[in-house]
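The values are calculated or read from the model by the stated rules, or taken from the named source; none is laboratory data. Fair warning: this is a prediction, and the values are worked out from it, not measured in the lab. Cβ placement follows ideal geometry from the backbone for every residue including glycine, while neighbour counts extend to all protein chains displayed. We work out accessible area using only protein heavy atoms, side chains counted, and drop any ligands, DNA or RNA first. Shrake-Rupley method; radii C 1.70, N 1.55, O 1.52, S 1.80 Å.
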2 protein chains.
Amino acid sequence: MTAQRTSTGTDPTGGRPVVPSLGRRRPLGVNEIELTGGFWATLQATNAAATFEHCEHWMERLGWLANFDRVAAGTTGPDRPGWSFSDSEVYKLIEALCWEFARSGDPVVDDAVRRLTARIAPAQDPDGYLNTCYGHPQQQPRYSDPEMGHELYCTGHLLQAAVARLRTTGTDELVQVARRAADHVCETFGENGLRAVCGHPEIEVGLAELGRVLGEERYLEQAQLFLDRRGHGTLRDIPLGRAYFQDDVPIRKADTWRGHAVRALYLAAAAVDVAVERDDGALLDAVQRQWAHAVARQTYLTGGMGSRHQDEGFGSDWELPSDRAYCETCAGVASVMVSWRLYLATGEVRYADLIERTFLNVVATSPRSDGRAFFYANPLHQRVADDWPGEDGVSLRAESGARAAWFDVSCCPTNVARTLASWQAYAASAGERDLTFLQFTGMRVDAELGDGRSVSVDVDTDYPDDGLVRFRIVRAPSGPVALRLRVPEWAEDALLDEGGRLRRVQPGFAVVDRELEDGEELRLQLPTAPRFTWPDRHVDAVRGCVAVERGPLVYCAEAIDLPEGVDLEDVVLDTDTEPVARDGRVIVRAVVQPGPEDSRWPYHRRAPLLGPSRSNEQAHADGMGPDGTGPDETRTDGFDVTLTPYHQWAEREPTAMRVWLPVLTR
Amino acid sequence: MTAQRTSTGTDPTGGRPVVPSLGRRRPLGVNEIELTGGFWATLQATNAAATFEHCEHWMERLGWLANFDRVAAGTTGPDRPGWSFSDSEVYKLIEALCWEFARSGDPVVDDAVRRLTARIAPAQDPDGYLNTCYGHPQQQPRYSDPEMGHELYCTGHLLQAAVARLRTTGTDELVQVARRAADHVCETFGENGLRAVCGHPEIEVGLAELGRVLGEERYLEQAQLFLDRRGHGTLRDIPLGRAYFQDDVPIRKADTWRGHAVRALYLAAAAVDVAVERDDGALLDAVQRQWAHAVARQTYLTGGMGSRHQDEGFGSDWELPSDRAYCETCAGVASVMVSWRLYLATGEVRYADLIERTFLNVVATSPRSDGRAFFYANPLHQRVADDWPGEDGVSLRAESGARAAWFDVSCCPTNVARTLASWQAYAASAGERDLTFLQFTGMRVDAELGDGRSVSVDVDTDYPDDGLVRFRIVRAPSGPVALRLRVPEWAEDALLDEGGRLRRVQPGFAVVDRELEDGEELRLQLPTAPRFTWPDRHVDAVRGCVAVERGPLVYCAEAIDLPEGVDLEDVVLDTDTEPVARDGRVIVRAVVQPGPEDSRWPYHRRAPLLGPSRSNEQAHADGMGPDGTGPDETRTDGFDVTLTPYHQWAEREPTAMRVWLPVLTR
């Protein structure tokens, strides 16, 4: 990294989740970008209108909020409801409310922040410790379970909430509570304190950002200390291995992300923060190397990360099963956190590319359109239509073919809430004399450039449904300015129209660097014809399959859209027929290849014929069982299958689903 | 089922693990079959020479044996070592020793049974309860955790050990302990007792068999009661769902096996026992239906069952990942238990076919050739060479690419021990006037037929390495007798040679029904040319791949056998060249298709070319990242790859491994 001090990098307000003091790009805040309509404005409005209240309702109902009251009242006991990390959900909701208040200025939202703060603050111990699960009458002692106790994890989310408050409103009781908590952490775990780390990284990213916004150098030092301590067997070994909490290899030395995906990614985000603040190129290189490895060998088409249910973890290279894809929503959020920090540090477009993919196909997939139910895991293949847990049910498990109102482990709803509430902060960035558009949706950007000039642009688009993105210059600065428009990695043959002058632009950044005029309009036309996407031959799980994408969206086949009596597992795609877009969905051509009867051994002596004919030789019985009759015949009459954007799957009803469909070979 | 009373079915001795009072086939015992040499005799000898002592050593070292001493001494406390089910490992070892004593008559083995019994017996409470984890000072109360407590599970294994003792030696202190324990179970959980079941089935199969051998009807009644109680939400719901312990659907109504594979299969085994004893055709049909479904859609090529690590469970239909295949060794043992009971009940060859596949490719895979280390999980694909835990290490996890000396959860070693010690009991069966050979290995069979005549046959073979099996009639009965030789499902074009008269025989049973002469020899020639095996197109995980089998053996490619610098993940098989056998291994032809560089997005706009050439169009960059360059070129120079029998994988050293190899398409 060539360090570059961003001129307004240490500005405490501005509504930005991440404000590095060095880096190639300056983030814009929720105060500088307003969503004016379209895909993300709708999600954000629903988030504000429904999800916050929904989350608070459930946390009240389950006693997670009352846990704070009981600590304050001294009435704790062994019967505390919720997991050890339930406090963090309250903090994530507060963080979401802070961003939302910056957007809407709605006093009801501000009241909610104050109301929740007023319940949290009295639970803080005099020395700054704040956790409702440990250290009080009839509870385990503080920090007695570093591996699984989640105490510092909870504190980290408290600090992130305080960062949101500071960057949007300013200091208040929440911030004071967070400062006391951060001070307590530094005192307890500093150079001369406990040589421990938290099993679930998060304190690091919280300390780093609170340190930045408050100019508290020792918070950054403590974050760095936690990073450096990790990876040396600091934590106890567990059946899942120390890789589960990234305590097997120091982050500077690791080539890959390992273990629990959210933990690995929160840690990587903090590592970028520390690398940037310390101008530590080696550490930044390490995270970039890990990112590149993960993107090449450990990432799903949707951008989802985490292949294993067992440890919610990254698996081996190329271990990317569609059906058992975990792709936790929170790992999607965490992946955006890492990529965003790497983008700010390096300015490289690939990070924004992955952010778009992950936003549209993981983060946006989680919430139901009414904002009151969520996916936790985001598999790319649902073999059987799942039971619907109902509006009133707490899902005991992460995996489900239907969005759940709430979870026993309910990290995802509040993570979606805080991410959607601050979504616009990831849409654009500024440089010394440039404004860069990274994500496309209806929005107004009023940005100050590094050189002190300001520029105002309205973006109007139906993206991702449509590929036309219009940038109207509301207020141009005097003198030349660079507008940089991301051309996504999939957008071959995109066109840029500058007042009738058309030019072809390639993936990367399309740059318009000249004097602009008020009222002038640039039009970026991104191709949105549906396309087949093929997996690298090393991805065992989807060999012989194809997926369909359109623009930045991954599509899927839902069983409820198939003709009566057709099993989704029997559908084979005919790629000789090009996919066609229709009303935001995509039509493909398919045939049916039925499954064998029960009791037929599914491993044969002869290669299955995938074409329509069947040789006599093929009819040889080689099944284990009396009714083995060899592979079945292909039904040759093709039919149309309508594919749905993946982020909408199971919106209508629980159903079987596939992103990757087997390809008909002739 | 047409019930058929087997004439000696209730004979208490004879060294047989399972003795139904009804059924189409009579099992032969370890007293009637002696292994004389070859594959299984070697495994059995190593089991006796090394594994028993190895298991006892570890259980002593870890305090699992001392747990009994402490209960007897009244010195229990909260610090009891081992999981709640560690008692069962002692019982399984005793069971193994009982079978071994019947085989060898070695007084040292008998001493071991007595020595272990002498440590167990004093721990039994006056009312018959026997468990070192519950119900004593500073322990949880008895039966306070039916879901996960494993108390009745442990008792079930105690009963099975007593069955082995009764059927080989007769009644003694072990049997008395078991009777008291069984009586206690009936009193506690009978019609008027606790309406509970154990989260881990096993008591049912133990009660059923102890009931048979002792003629204790109420043990069978209790087994039936447990079966009938299960499946109605009798147990508490857990995050993995009640399917985990088969409490979601009654076994009579279920179409498939669900949840934890060992639990499901132990339960199914007990259901066959109860169905046979009660002549309950509907219940037998249910288990047969579930078996057929599992074999068609939930079973690996190796015979392994259980696709998921998370719950050690059966997954959905067609969910058969090679890399994350759990295929627990114990599930292989349990699958044999079910299939054996179904074979005895129905006489159908398919059950013996699956038993052979499972014995040779799952059960035989687990123990290292020295009998002192074991696989717990048996995946069909190891992506990365694993660390070797060392001879002195207790593996905390089930998954490993290297056999471990012992496990934190160490169910598999003792299950292998008891199964190998009684292996010959599954090799043949008798009918009214027939002797049926089910498994082939060097052995002497001295069997009494249902009509009271006896026959003695020596089997001589190098099977499974060689396909020639010679049956020499040592002592023929007077009058015609039927010798029935299983022709395995994969054995097309097998030949039977009756003193020079050759005939082609087909999969199923080849029958020689005539008067036999002493000294006469029958020769069964099974084809052992290696063959390619193709998956049904519904098995997503191995689409586009092929496996190699030879006779009953599945083969695999081990990375250590590849040319220097070749990554196993880059190896693609050329199926135009037929596989060739050489010294028990198989040679196939392959090419290398290298992986992409790091940071290359692995999903492409164009189908990967699998042939040797590469079009210019293909060279289009479509990677997410600056160095994306499209799919790589295929290295066209083919080379030989030597495949190893799967049961020998990782014997030489930990290594990456694949059973299913991608197929070169042109």
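Laid out as a table, the results:
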quantity: Selection status of A:PRO379, over 19 Å from the mean Cα position of the chain (by Cα), part of a loop (DSSP other than H, G, I, E, B) and within 14 Å of chain B (Cβ to nearest Cβ); calculated: no
quantity: Residue within segment A:151-160 that is open to solvent by 30 Å² or more (accessible area, probe 1.4 Å) and either farther than 20 Å from A:GLU89 by Cα or among the small types (Gly, Ala, Ser) (or both) present; calculated: no
quantity: Pairs with Cβ under 6 Å, 6+ apart, first in segment A:132-160 and modelled with pLDDT of 95 or more, second surrounded by fewer than 18 Cβ atoms within 10 Å (Cβ to Cβ) and not in a loop (DSSP other than H, G, I, E, B); calculated: A:TYR134/A:GLN140
quantity: Matching option when the condition is more than 13 Å from chain A (Cβ to nearest Cβ) and open to solvent by 10 Å² or more (accessible area, probe 1.4 Å), among B:ARG324, B:ARG341; calculated: B:ARG341
quantity: Evaluation of B:PHE437 against (1) of a type in the set (Phe, Trp, Tyr); (2) closer than 30 Å to B:PRO527 by Cβ; (3) within 13 Å of another protein chain (Cβ to nearest Cβ) (one fails), failing number; calculated: (3)
quantity: Matching residues in segment B:478-497 - criterion: being open to solvent by 10 Å² or more (accessible area, probe 1.4 Å) and either within 18 Å of B:LEU35 (Cβ to Cβ) or not in a strand (DSSP E or B) (or both); calculated: B:SER478, B:GLY479, B:GLU489, B:TRP490, B:GLU492, B:ASP493
quantity: Hits in segment B:261-292 (condition: within 14 Å of chain A (Cβ to nearest Cβ) and open to solvent by less than 20 Å² (accessible area, probe 1.4 Å)); calculated: B:ALA286, B:VAL287, B:GLN290, B:TRP291, B:ALA292
quantity: Segment B:284-309: number of residues that are assigned to a helix (DSSP H, G or I) and of a type in the set (Val, Ile, Thr); calculated: 2
quantity: So B:LEU502, is it of a type outside the set (S, T, N, Q), open to solvent by less than 50 Å² (accessible area, probe 1.4 Å), away from every other protein chain (no Cβ under 14 Å) and over 16 Å from B:ALA41 (Cβ atoms); calculated: no
quantity: Test: residue in segment B:516-527 that is surrounded by 20 or more Cβ atoms within 10 Å (Cβ to Cβ), within 14 Å of another protein chain (Cβ to nearest Cβ) and under 25 Å from B:TYR343 (Cβ atoms); calculated: no
quantity: Out of A:PRO201, A:PRO239, sole residue that is assigned to a loop (DSSP other than H, G, I, E, B), within 14 Å of chain B (Cβ to nearest Cβ) and either over 25 Å from A:ALA164 (Cβ atoms) or under 24 Å from the mean Cα position of the chain (by Cα) (or both); calculated: A:PRO239
quantity: Breaking point among (1) surrounded by 14 or more Cβ atoms within 10 Å (Cβ to Cβ); (2) more than 29 Å from the chain's Cα centre (by Cα), for A:PHE509; calculated: (2)
quantity: Whichever residue in segment A:69-100 is polar (S, T, N, Q) and in contact with a Phe, Trp or Tyr (Cβ under 8 Å, 6 or more places away or on another chain) and, among such residues, is most open to solvent (accessible area, probe 1.4 Å); calculated: A:SER84
quantity: Qualifying positions in segment B:528-562 - in a loop (DSSP other than H, G, I, E, B) and either in contact with a helix residue (DSSP H, G or I) (Cβ under 7 Å, 6 or more places away or on another chain) or at the interface with chain A (Cβ under 8 Å from one of its Cβ atoms) (or both); calculated: B:ASP536, B:ARG537, B:HIS538, B:VAL539, B:ARG543, B:GLY544, B:PRO552, B:LEU562
quantity: So B:SER369, is it surrounded by fewer than 24 Cβ atoms within 10 Å (Cβ to Cβ) and more than 11 Å from chain A (Cβ to nearest Cβ); calculated: yes
quantity: Residue within segment B:310-319 that is within 15 Å of B:ARG230 (Cβ to Cβ), part of a loop (DSSP other than H, G, I, E, B) and either of a type in the set (A, V, I, L, M) or within 14 Å of chain A (Cβ to nearest Cβ) (or both) present; calculated: no
quantity: Lone qualifier among A:VAL455, A:VAL363 - being buried (at least 24 other Cβ atoms within 10 Å of the Cβ) and either in contact with a helix residue (DSSP H, G or I) (Cβ under 6 Å, 6 or more places away or on another chain) or of a type outside the set (S, T, N, Q) (or both); calculated: A:VAL363
quantity: Single residue of B:THR256, B:THR299 found to be open to solvent by 10 Å² or more (accessible area, probe 1.4 Å), farther than 20 Å from B:TYR219 by Cα, within 21 Å of the chain's Cα centre (by Cα) and of a type in the set (Ser, Thr, Tyr); calculated: B:THR256
quantity: Index of the failed condition, A:ASP228 passing every other in (1) surrounded by 17 or more Cβ atoms within 10 Å (Cβ to Cβ); (2) in a helix (DSSP H, G or I); (3) touching a Lys or Arg at 6+ places or on another chain (Cβ under 9 Å); calculated: (1)
quantity: Segment A:101-126: number of residues that are open to solvent by 10 Å² or more (accessible area, probe 1.4 Å) and free of Cβ contacts under 8 Å to residues at least 60 places away in the same chain; calculated: 16
quantity: Residue that is of a type in the set (A, V, I, L, M), part of a helix (DSSP H, G or I) and away from chain B (no Cβ under 11 Å), where the choices are A:LEU360, A:LEU354; calculated: A:LEU360
quantity: Hey, B:ASP518 outside the structural domain of B:TYR343 (by TED's automatic domain parsing), modelled with pLDDT of 95 or more, more than 17 Å from B:GLY38 (Cα to Cα) and not in a strand (DSSP E or B) or not; calculated: yes
quantity: Filter result for the condition that a residue is outside the structural domain of A:GLU651 (by TED's automatic domain parsing) and touching a residue at least 40 places away in the same chain (Cβ under 8 Å), over A:ARG433, A:ARG453; calculated: A:ARG433
quantity: Count of segment B:254-298 residues which are over 23 Å from B:HIS157 (Cβ atoms), of a type outside the set (D, E, K, R), out of contact with any Lys or Arg (no Cβ under 7 Å at 6 or more places or on another chain) and touching a residue at least 12 places away in the same chain (Cβ under 8 Å); calculated: 11
quantity: Test result for B:THR169, more than 24 Å from B:GLU32 (Cα to Cα) and touching a Phe, Trp or Tyr at 6+ places or on another chain (Cβ under 7 Å); calculated: no
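Yes or no, residue by residue, for (1) open to solvent by 10 Å² or more (accessible area, probe 1.4 Å); (2) of a type in the set (A, V, I, L, M); (3) away from every other protein chain (no Cβ under 14 Å); (4) over 15 Å from the mean Cα position of the chain (by Cα):
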| position | (1), (2), (3), (4) |
| --- | --- |
| A:ALA405 | no, yes, yes, yes |
| A:CYS411 | yes, no, yes, no |
| A:ASN415 | no, no, yes, no |
| A:ALA425 | no, yes, yes, no |
| A:ALA428 | no, yes, yes, yes |
| A:THR441 | no, no, yes, yes |
| A:VAL445 | no, yes, yes, yes |
